[in-house]
Structure formats: structure tokens, C-alpha cells
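In what follows, a structure is listed as C-alpha cells, so that the remarks can point back to it.
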Amino acid sequence: MSIKWGVIGAGGIADRRTIPEGIVGAEKAELVAVQDIDAQRIEEVAAKYGVTKYDTEYDLLSDDNVQAVYIATPNQLHHGQVLAAAAAGKDVLCEKPLALTLADSEEMVEACRDAGVKLGINFMMRFHACHTAIKAIIEAGDLGTLVMGRAELTCWYPPIPGAFRQNPALGGGGAFADMGNHCVDLLEMLFGRTERVSCFIGNLVQDYPAEDTAVALLEFESGAKGVVDALFNVPDVAAHNALEVYGSKGSVVSFGTIGQESGGSMTAVLETGDKEYDAAQARDEDPSQVIEPEPVNIYAAHINAFCEAIENDTDPPITGEDGIWNHKVIEACYKSAQTGEAVDIE
């Protein structure tokens with residue numbers, strides 16, 4: 001059985017990735033309707049996929065043929081649209097972040113819970129084959145005690161008139177609110193929840209109100225440390241978009257896996273025996289091994305998993321509660337940047 005989907009906000013990432021690769025590309029999903037306020041865009045998108053078009057989200061939500069909705073509108077609109085979807089009895093997959101404030105995020109989760117509908121958040125990078133392979137290596141104990149991780153997401157994002165991601169009042173922040181939240185989510189998938197943060201933000205290249213530079217230090221409940229760097233000011237071709245994990249028995253590093261793509265590469269260095277101290281710290285040989293997990297499309301994998309949750313009446317793979325927690329971590333990072341002090345997360 002296919003779950004019938006409608007899309008609210010059918011431009012941008014929806015038309016570029018989630019619709020063609022995720023909803024259309026998932027065996028358990030069927031696209032039946034799309035909505036956008038841009039008349040020309042919605043005409044083109046609806047024609048491209050051969051589905052019903054709507055001018056307003058309320059018209060789409062009134063369509064009895066739509067079972068689940070994917071919301072990919074600017075951040076400031078998520079709150080009202082999720083509440084409307086819950087009232088209409090539709091299961092919801094919402095783009096990150098859930099909302100601009102913690103209170104709004106909590107209200108969205110409560111509304112969906114009260115309405116008996118699913119609410120998920122689109123941290124689709126969890127499904128990357130390299131990221132799930134890293135998690136498996138950790139769970140097998142091959143890295144020993146986890147010590148430190150780093151997640152980097154960088155892009156070139158010059159000033160664009162009307163871009164909500166460049167206006168904190170509309171996007172909730174800049175590079176960290178838009179990209180750092182993915183990095184935090186990935187590190188927590190591997191290390192567990194964050195307990196304490198320190199963060200620095202600023203504008204080094206781009207001249208707009210939101211930050212173009214953000215670096216955060218995370219301390220996880222285990223005591224392991226994490227580093228997130230989210231940048232709007234480095235050329236795309238120069239970015240590694242790397243995920244690095246270090247432990248007492250080795251390291252695993254993936255390149256080009258944090259972002260919109262499902263590709264990339266991955267190497268590991270794993271100690272199999274007990275090593276004595278080497279005063280010379282010799283590194284004459286390259287002990288790294290290339291790991292090539294079976295590729296997985298991150299959008300299709302998430303949509304299929306969400307559809308299975310609807311079919312089986314189980315929690316979505318990434319829940320609204322996960323979105324609330326992520327908001328708390330990001331909010332703590334911005335507070336640290338503003339105060340110049342480390343912030344504990346309650």
C-alpha cells in the first residue's frame with residue numbers, strides 16, 4: 001500500500017530533492033498534490049509530476065485523497081501549517097527546524113499528539129549509508145571509547161534579496177540554525193545527547209543580518225566532545241562536508257556525506273591489538289581502509305521509513321520530540337555565543 005502525499009511549499013528543496021528522490025522515488029509513497037504561493041512555480045511543478053495543484057495549504061489539507069503532508073516552506077510558516085495539518089488529520093513530515101521558538105515547537109508536537117497524527121522532522125542525513133555504517137562500527141565496539149567527533153556543513157551563500165535564511169527573524173538564525181542543526185543531529189546519533197555547549201558566531205564575508213560563520217563545541221553526556229562548524233562563506237568546491245569520529249581504538253572519517261547528496265567516501269583506521277606508547281609517534285605507513293557501504297538515497301529512505309510508521313502505527317523514525325531537543329541545543333548555542341559563556345542544556 002502506498003501512502004498518498006501532498007507537499008506544502010513545492011519549490012526549493014522540495015522540487016530539487018524531496019519530491020523527485022524521496023516521495024516519487026520511494027516505493028511506499030505516492031505524490032498526489034502540491035501547493036505553493038508562487039503561481040508560476042506551482043503550475044510547473046504540478047505539470048512536471050502530473051498531480052493536483054493548490055494555491056493555499058488549506059485547500060490541499062481539505063483534499064481527502066491526501067494522507068500525509070511534507071512541509072517545506074520558510075521556517076516562520078512551519079508552526080501554523082503544522083497546526084493546520086494536525087487539525088485536518090494529516091500525518092506531517094516537516095522541514096527543520098520545526099519552528100522559530102521552543103514554545104511553538106512544543107505546541108506543534110502537542111497538537112499532533114492530541115490529533116492522533118504523526119509528526120516527523122526531516123533530518124534525512126541520518127539515513128546516509130556512510131553515517132549508518134559509522135554507527136554500526138561504533139555499536140560493534142571497533143572504535144573503543146568514543147573521544148571526539150566533528151561535523152562540517154559549508155556552502156557559498158551570498159546575499160539574496162528576500163532569502164529567509166539570511167534574516168534571523170524569518171529563519172531563526174543563520175548558518176548554525178540552517179546547517180548546524182543537521183550537524184548536531186548527526187553527532188548526537190553517534191554520541192548521544194549533548195549536555196553542555198560553547199559557541200562562537202559572526203560575519204566574516206557575507207553582509208547580512210544572520211551569521212555566516214558558526215563554530216560550536218559540544219560536550220556529550222558520556223564526556224566525549226564534539227565540534228560543529230557551519231559556514232555560509234566558503235566556496236562549495238572547497239568544502240569537505242566531513243563527518244569525523246575518533247575513539248580509543250581508531251577513527252572513521254567520511255567526506256562529502258553531510259549535505260544534500262547521497263554519495264561521498266569513507267575511510268577508517270582501526271587498531272586490532274593493544275599498542276604500547278611510541279615516543280617517535282611514527283606514521284610511516286597508511287593504515288587506513290576504504291569502506292564502501294551499499295549506497296542509499298537519503299530522501300527515499302526517510303520517506304519509506306515515515307510511510308512504514310504510518311502503516312504500522314509506530315513512531316516516525318525522527319520524531320517531533322527529536323525536533324524539540326534539537327531546538328534546545330541550537331538555542332543553547334546561540335545563548336552561548338551571545339553571553340560568551342558555556343551553557344548547560346536542561
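The values are calculated or read from the model by the stated rules, or taken from the named source; none is laboratory data. Keep in mind that what you see is a predicted model, and the values were worked out from it rather than measured. Glycine also receives a Cβ, built like all others from the backbone with ideal geometry; neighbour counts cover every protein chain displayed.
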Residue set D322, D315; condition outside any loop (DSSP other than H, G, I, E, B), modelled with pLDDT of 95 or more and not assigned by TED's automatic domain parsing to the domain that holds P97; output residue D322
Expected output for the stretch 196-214 (first residue more than 17 Å from V228 (Cα to Cα) and free of Cβ contacts under 8 Å to residues at least 60 places away in the same chain, partner of a type in the set (S, T, N, Q) and not in a strand (DSSP E or B), Cβ below 8 Å, 6+ apart or cross-chain) is Q206/Q166; Y208/Q166; Y208/N167; P209/Q166; P209/N167; A210/Q166; A210/N167
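Can we say L190 is in contact with a Gly (Cβ under 9 Å, 6 or more places away or on another chain), touching a residue at least 40 places away in the same chain (Cβ under 8 Å), crowded, with 21+ Cβ neighbours inside 10 Å and part of a helix (DSSP H, G or I)?
On the way: in contact with a Gly (Cβ under 9 Å, 6 or more places away or on another chain): yes; touching a residue at least 40 places away in the same chain (Cβ under 8 Å): yes; crowded, with 21+ Cβ neighbours inside 10 Å: yes; part of a helix (DSSP H, G or I): yes.
So L190 fits the description; yes.
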Of all strands (runs of 3 or more DSSP E) fully inside the stretch 86-185, the set with 2 or more residues that are within 30 Å of S288 (Cα to Cα) is 146-154
Going through (1) crowded, with 24+ Cβ neighbours inside 10 Å; (2) closer than 22 Å to E321 by Cβ; (3) touching a residue at least 40 places away in the same chain (Cβ under 8 Å) one by one, L100 fails only at (1)
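Is the stretch 254-266 home to any residue that is farther than 30 Å from P20 by Cβ and crowded, with 19+ Cβ neighbours inside 10 Å? Talk me through it step by step, then tell me what you get.
Initial filter on the stretch 254-266 (farther than 30 Å from P20 by Cβ): none.
Among the residues of the stretch 254-266, not one is farther than 30 Å from P20 by Cβ and crowded, with 19+ Cβ neighbours inside 10 Å, which makes the answer no.
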(1) within 18 Å of F255 (Cβ to Cβ); (2) in contact with a Pro (Cβ under 6 Å, 6 or more places away or on another chain) all hold for A210 apart from (1)
Selection from the stretch 219-253 of residues more than 27 Å from D344 (Cα to Cα) and of a type in the set (D, E, K, R) yields D236, K249
In the set C94, C112, the lone residue that is modelled with pLDDT of 95 or more and under 15 Å from the mean Cα position of the chain (by Cα) is C94
